[in-house]
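Taking it in order: structure first as structure tokens, then the write-up.
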Amino acid sequence: MSEHKKLYDEVFGLIEKHDDWMSKTINLIASENVSSPAVRSAIVCDFRDRYAEGWPGERVYAGCKYIDQVELITIDLAKKLYKAEFADVRPISGVVANLAMYTAAMEPLDRMMALSIAHGGHISHARKDLGGTAGQIRGHKVRNWIFDDKEFNIDIDASMKQIKDLQEKGDEIKFLLFGGSVFPFPHPVKEFRDIADEYGMTIGYDSAHVSGLIASGFFQDPLREGADMMTTSTHKTLPGPQHAMVLAKEKWADAIKRASFPGLLSNHHLHNVAGLAVALAEMMEFGVEYSKQIMKNAKALAQALHERGWQVIAEHKGFTQSHVVLVDVTETPMKDGATVEENLEDANIVINRNLLPWDKKRGRDYKTPGGIRLGTSEMTRLGMKESEMDAIAEFMTRVVMKGVDVKKIAKEVGEFRKEYQKVHYAFETDTPAYAHLRFK
Ligand SMILES: Cc1ncc(COP(=O)(O)O)c(C=O)c1O
């Protein structure tokens, strides 16, 4: 057998192993989900090999008549689901959607406000010296929101004062960005609308993590609360393919369209647009029930961990109002997020280490942060409810607090997972959640 054929076979072997492993693990990665059999079926269609530059009906490529119809359906569903005046479903990822938003709302070098990473911001919101997209690619000067650690949210009064002081100094802020990768509580969008109007600032909201909850009428409604535009990746609480969207008020439509194409995209992964249409239709049908359970499960997981002695953040606020649970693990026997992450993975429980707002003061960085981040979207999608969250908290406790052998727990987790092999909240639920669709 040739060396190339061996590698070719090895890739398929590894895919099989991954799928098998996923079917036996508890996946609590807050930024992930498992797409439905119908979404997976759509994203392997022939669109994956085509181009459709431009807007449906105004393409600069031939051969798009069916692709256009699918993209128009996707736009229509996105506008309905988010009650948005405008939707651009072309950005191929959340980072690209954020770039389209920055390009539409700001000139290069303009100043903006965003959450720091330690407070839950995403690297695509960050400064140049951190390698962040906003700073490095667009040259934006990023000022961070002042954060209230106890409330685990933006400090409204202090941030308002900061903006006013900056304006008076001549350091004009042009753009206020809300949203992030860890935000268990809604951000104060409406509270900043007046100051945005006073100084002519645009408000953006990165809903990547919470857009499934927003679509279902939970968490918050940024476009009604005063955001001009909202970006989202489409594969977190919204359980679609890896893709993204920008949703906005109509007045931003031309600027966003132009930023996407010809600014940022040539092909826009048309197969994923088809998959997104399917996911949006499923959310219209099943989203409310699904999102409600995600949020119940997050609260239940937080409570179950708290009862077992874990330091879950924001106990006084009921721990979370989203899919995310954040835990300070420095008082556990494992002492840091990286060690907890590694040990849980060996026990087939997949979670993320996470920097906490107070980590910097403790001399910690992202390699050995003090926290872990847990999300309930994927396990909820497999049909788990509050009692399963209690069982998950018990597995985690036995690994991290009691030092039980990880191999033993991994076996038990595999047994526990046997009953949860199908995707729920979808039109087609027969195909196993982690089945590999084969063509050869
Ligand atoms: C808040 C936020 N924005 C943007 C992104 C990037 O999305 P993508 O991975 O689709 O580029 C993420 C990814 O996790 C995120 O958490």
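None of the figures in this text is laboratory data; all of them are computed from the coordinates on show. All values reported here derive from a predicted model rather than from experimental measurement. Here the Cβ is made from the backbone with ideal geometry for all residues, glycine too, and neighbour counts use every protein chain on show.
For Ser159, what charge total do you get from the other residues with a beta carbon under 12 Å from its beta carbon, if Lys and Arg give +1 and Asp and Glu give -1? Present the calculation step by step, with values, prior to reporting the outcome.
Values: positive: Arg143, Lys161, Lys164; negative: Asp148, Asp155, Asp157, Asp165, Glu191.
For residues surrounding Ser159, the net value is -2.
Run lengths n ≥ 4 of DSSP H only: what is the helix-derived mean residue ellipticity at 222 nm for the chain, with -39500 (n - 2.57) per run over all residues, to the nearest 500? Walk me through the intermediate numbers first.
Numbers: 15 runs with 178 residues, N = 440.
Theoretical 222 nm ellipticity from helices: -12500 deg cm²/dmol.
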Segment Lys418-Arg258, extension gain: residue separation times 0.36 nm, minus the distance between their alpha carbons: 52.8 nm
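Rounded to two decimals, what is the ratio between the C-alpha radius of gyration of the range 319-440 and 2.2 N^0.38 Å?
Working: Rg = 16.3 Å, N = 122, 2.2 N^0.38 = 13.7 Å.
Compactness ratio reported: 1.20.
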Local electrostatic count, Ile29, Cβ distance below 15 Å [Lys/Arg +1, Asp/Glu -1]: -1
Residues whose placed amide H lies under 5 Å from that of Gly370, excluding near-sequence neighbours: Gly337, Leu356
Phi-based couplings in Hz for the range 279-287 (Karplus 6.51, -1.76, 1.60; Gly and Pro marked x): 5, 5, 4, 5, 5, 4, 7, 10, x
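Just the C-alpha atoms of the chain: what Rg/Rh do they give, with Rh taken as the Kirkwood radius? Write down the numbers at each step before the final one.
Working: Rg = 21.9 Å, Rh = 22.6 Å.
Taking Rh as the inverse mean 1/r over Cα pairs, Rg/Rh reads 0.97.
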Descending Cα extents along the principal axes, the range 40-283, whole Å: 54, 33, 31
Anchor Lys83: lysines whose Cα lies under 18 Å away (excluding residues fewer than 8 positions away in-chain): Lys190, Lys249, Lys251
Simple spin-label estimate for Glu345 and Asp221 in nanometres, 7 Å along Cα-Cβ: 4.1 nm
